[in-house]
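Below is one structure, written out as C-alpha cells; the observations come after it.
The values are calculated or read from the model by the stated rules, or taken from the named source; none is laboratory data. Fair warning: this is a prediction, and the values are worked out from it, not measured in the lab. Note that we place each Cβ from the backbone using ideal geometry, even for glycine, and neighbour counts take in every protein chain shown.
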Amino acid sequence: MRIGIFGGTFDPIHVGHLAAAVNAKAGANLDKVLMVVANIPWQKDGLRRVHPANERLALVKAAVSGVEGLEASDIEIRRGGESYTIDTVIDIQKNFPNDELFLIIGADVASELETWERVDDLADLVTLVIVNRPGSANPGNLGDRWNYIEVEVPSLDISSTDLRARAIEGRPLDYLIPAAAIQYIREHNLYGPGEEPE
C-alpha cells in the first residue's frame, strides 16, 4: 500500500486540512492517509494553550468519519511525550513494513525541514507529498536527498487561530469545520466562554 502521513496539532481540524488530505491522496495515488494527531507539538509547546490530545483526536475522528481513505491516528498520543515526525514514521513503518510511506506537508513547511529532528533518517524513509496552493512558489532548498511529489490544492485561507477565536466569541463555524466536528465542539464546550482568544 501507499500510505500518507499527515501530522498536525488539529486544534481544531478544519476543511483546509481535509482538502489538503484528499487532494494529496488523489495526487500521489495513495491508498489511505493517516491523520496523525500530535501529542505534545514541540513547535507550539509553551507558546499557547493547546487543547488536550484526546479532545483533538476526537475532533479528527468526527471530521474524517465517512471520508473514504482518511483515518484518524493516535500513534503519537499512545507513544506519549513530544511529537517528532521521525519517531512517528519509524512506528508506522513497524506497523506497515512492506508499504511505501509518504509524508504530506505544506510548501511553507518544506523550507523548514532542515530544522527537524534526524532529517537525514527521515529522508531515507519517506517520499514527501508537498501540497501547494495555486500560484504559490515552488518549495526550494530541498536538495538532492528528498524524493518528492508536488500536489496543487485549493486555496482555502482558513486559520485554526481564527477558528478558535470564532468559537470563543460565538461566531459561526459552519462550512469552515466539518459538521460532525462542530457538533463535538458544542457538545463538549471546547473553545467556549472563559477561554481567551490569542
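Of all residues being among the hydrophobic types (A, V, I, L, M, F, W, C) and surrounded by fewer than 24 Cβ atoms within 10 Å (Cβ to Cβ) in segment 35-54, which is modelled with the highest pLDDT? Just the residue, please. Per the criteria, the residue is 53. Out of the residues in segment 150-173 that are touching a strand residue (DSSP E or B) at 6+ places or on another chain (Cβ under 6 Å) and crowded, with 16+ Cβ neighbours inside 10 Å, which is farthest from residue 105 (Cα to Cα)? Of everything passing the filter in segment 150-173, 153 is farthest from residue 105 (Cα to Cα). Residues in segment 4-42 that are hydrophobic (A, V, I, L, M, F, W, C) and assigned to a loop (DSSP other than H, G, I, E, B): 10, 13, 28, 30, 38, 42. Go through segment 2-16 and give me each residue that's farther than 15 Å from residue 103 by Cβ and either crowded, with 21+ Cβ neighbours inside 10 Å or not β-branched (Val, Ile, Thr) (or both). Of everything in segment 2-16, those that are farther than 15 Å from residue 103 by Cβ and either crowded, with 21+ Cβ neighbours inside 10 Å or not β-branched (Val, Ile, Thr) (or both) turn out to be 10, 11, 12, 13, 14, 16.
Within segment 113-132, if we keep just the residues that are of a type in the set (Asp, Glu) and outside any loop (DSSP other than H, G, I, E, B), the residue that is surrounded by the most Cβ atoms within 10 Å (Cβ to Cβ) turns out to be 121.
Counting the residues of segment 156-191 that are more than 18 Å from residue 16 (Cα to Cα), of a type outside the set (D, E, K, R) and either touching a Lys or Arg at 6+ places or on another chain (Cβ under 8 Å) or part of a loop (DSSP other than H, G, I, E, B) (or both) gives 5. Among the residues of segment 133-143, is any in a loop (DSSP other than H, G, I, E, B), at pLDDT 90 or above, buried (at least 18 other Cβ atoms within 10 Å of the Cβ) and not basic (Lys, Arg)? The answer is no, given that none of the residues of segment 133-143 is in a loop (DSSP other than H, G, I, E, B), at pLDDT 90 or above, buried (at least 18 other Cβ atoms within 10 Å of the Cβ) and not basic (Lys, Arg). Note on segment 79-112: residues that are touching a strand residue (DSSP E or B) at 6+ places or on another chain (Cβ under 8 Å) and either among the aliphatic types (A, V, I, L, M) or part of a helix (DSSP H, G or I) (or both) total 11.
Of the residues making up segment 77-94, none is small (Gly, Ala, Ser), over 13 Å from residue 37 (Cα atoms) and either surrounded by 15 or more Cβ atoms within 10 Å (Cβ to Cβ) or touching a Lys or Arg at 6+ places or on another chain (Cβ under 7 Å) (or both). In segment 4-25, the residues that are over 19 Å from residue 51 (Cα atoms) and without any contact (Cβ under 8 Å) to a residue 60 or more places away in the chain never reach a residue that is among the polar types (S, T, N, Q) and surrounded by 22 or more Cβ atoms within 10 Å (Cβ to Cβ) with C-beta atoms less than 9 angstrom apart, at least six apart or across chains.
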